[in-house]
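Just below is one structure, and these are the notes that go with it.
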Amino acid sequence: MTPESLPAPRACCFDLDGTLVDSLRDLGEALNHCLELLGLPTHSIDRYRYMVGEGMPKLCQRAVGATHPHLTPRLTELARVFYRTRILRHTRPYPGVPELVNRLRHRGLRLAVLSNKPHALTNRIVRSFWPDNTFAVIQGYEREEHRKPSPHHVKEICAALAVQPSELWLIGDTPTDVETAARAGAPCVAVTWGFRTRGDLEAAGANCIVDHPEQIA
C-alpha cells in the first residue's frame, strides 16, 4: 500500500527521533558516557537504533541489559541530565524532511509532533529547526501510562486539531509507531529512513511503508 491508497488526511502527526530528525549519535554518545561512569559496557552507535523509541527508561533498561538491572534507575537519572546538555550537537532533520513539512503545510494540513522523548526536550528540538507556527501541537513524554504505544496523546491531538483519528496520518519509523496508530484507529505511514528496517516495519504490521519523504507528499 502507498500513501496514495490511504484516505486523504486532514492532519499529520510526526514522530520525532528517526522520523523528523536523526538524533541517534547524540543519544548513543550520551548513553555510552553514562554507562562508562557506571563501569558498564558501552554499545556501538548503530546498536542504539534497536533500543530507542520507547522513552529514556526503556532505553536505559536495554542499554544495561540483564547483567546489572539494579543500575537502570541510576543510568536513567544520569542519562536524562547528560543528554540534555548535548541534544543538538549532531541532531539534524533528515534530508528532504523540511521540504516535506512545508509541502504538507502548503496543502493546508494541520501538523503535530508526538514523541516518547521528554516533553521539554521534544519542544526544544522541534523549535530549533522549525518556526513556532509550523506544528499546531508538540507533545512529548510526560507520564508513563501515556507513553506510545498508548493511543492517549494521538486522541488528544485529534481533538485539538478537530479531526477524527481516521483523518490523521501518523508518520513514524518504529514498530511502536505502527502499534500506536493501530490502537488509535489512525492510518500509519511507516518510514525506512529512520532507526528501523523495512523488515522490522513489515513484521510489525505496517501496510504503508515509504523510503523517501517525496513519497508522502
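The values are calculated or read from the model by the stated rules, or taken from the named source; none is laboratory data. Because the structure is predicted, anything quoted here is derived from the model rather than measured. Ideal geometry is used to build each Cβ from the backbone, glycine not excepted, and the neighbour counts take in all protein chains shown. Accessible surface is based on the protein model in full, side chains and every heavy atom, while ligands, DNA and RNA are left aside. Shrake-Rupley method; radii C 1.70, N 1.55, O 1.52, S 1.80 Å.
For the range 101-150, what percent of Cα pairs sit more than 13 Å apart? For the range 101-150, the fraction of Cα-Cα distances above 13 Å is 58 percent.
Rounded to whole Å, the principal axis extents of the Cα atoms in the range 155-197 read 33, 16, 13, largest first. Could you state the angle between the C-alpha long axis of helix 152-161 and the longest principal axis of the C-alpha atoms of the chain, as a value from 0 to 90 degrees rounded to the nearest 10? Approximately 40 degrees, to the nearest 10.
Taken over the range 136-217, the ratio of Cα radius of gyration to 2.2 N^0.38 Å equals 1.07.
Inverting the pair-averaged 1/r between distinct Cα atoms of the range 63-185 gives 16.2 Å as its Kirkwood hydrodynamic radius.
Decide, for the range 25-66, between rounded, prolate and oblate: order the square roots of the alpha carbon gyration tensor eigenvalues as a ≥ b ≥ c, take rounded if a/c falls under 1.5, and otherwise choose prolate if a/b is larger than b/c, else oblate.
Working: a/c = 1.60, a/b = 1.22, b/c = 1.31.
Because a/c hits 1.5 or more and a/b fails to exceed b/c, the range 25-66 counts as oblate.
Out of the total accessible area of the chain (probe 1.4 Å, heavy atoms of protein only), what percent is carbon and sulfur? Write down the numbers at each step before the final one.
Details: 4820 of 9550 Å².
Ligands and nucleic acids excluded, carbon and sulfur give 50 percent.
Compute the angle between helix 175-184 and the longest alpha-carbon principal axis of the chain, please, reported from 0 to 90 degrees and rounded to the nearest 10. So the helix axis and the longest Cα principal axis differ by about 50 degrees. Once the cut-off is 16 Å, how many percent of the Cα-Cα pairs in the range 85-124 end up in the long-distance tail? For the range 85-124, the fraction of Cα-Cα distances above 16 Å is 52 percent. For the range 34-89, the average shadow cast by the Cα convex hull is 3.9 nm², which is a quarter of the hull's surface. Cα convex hull, the chain: 111 Å³ per residue, rounded to a whole number.
Placing a label point 7 Å from the Cα of ALA8 along the Cα-to-Cβ direction, the residues of the range 174-217 whose backbone N falls under 19 Å of that point are 187-189, 215-217. Based on every Cα atom in the range 1-127, Rg and the maximum pairwise Cα distance Dmax equal 16.8, 52 Å.
Once both labels are positioned 7 Å from their Cα atoms along Cα-to-Cβ, the gap between HIS119 and ASP46 label points is 3.8 nm. GNM on the chain, alpha-carbon springs under 10 angstrom: the most fluctuating residue among LEU104, LEU201, LEU37 is LEU37. Accessible surface area normalised per residue over the range 38-191 is 45 Å², counting heavy atoms of protein chains with a 1.4 Å rolling probe.
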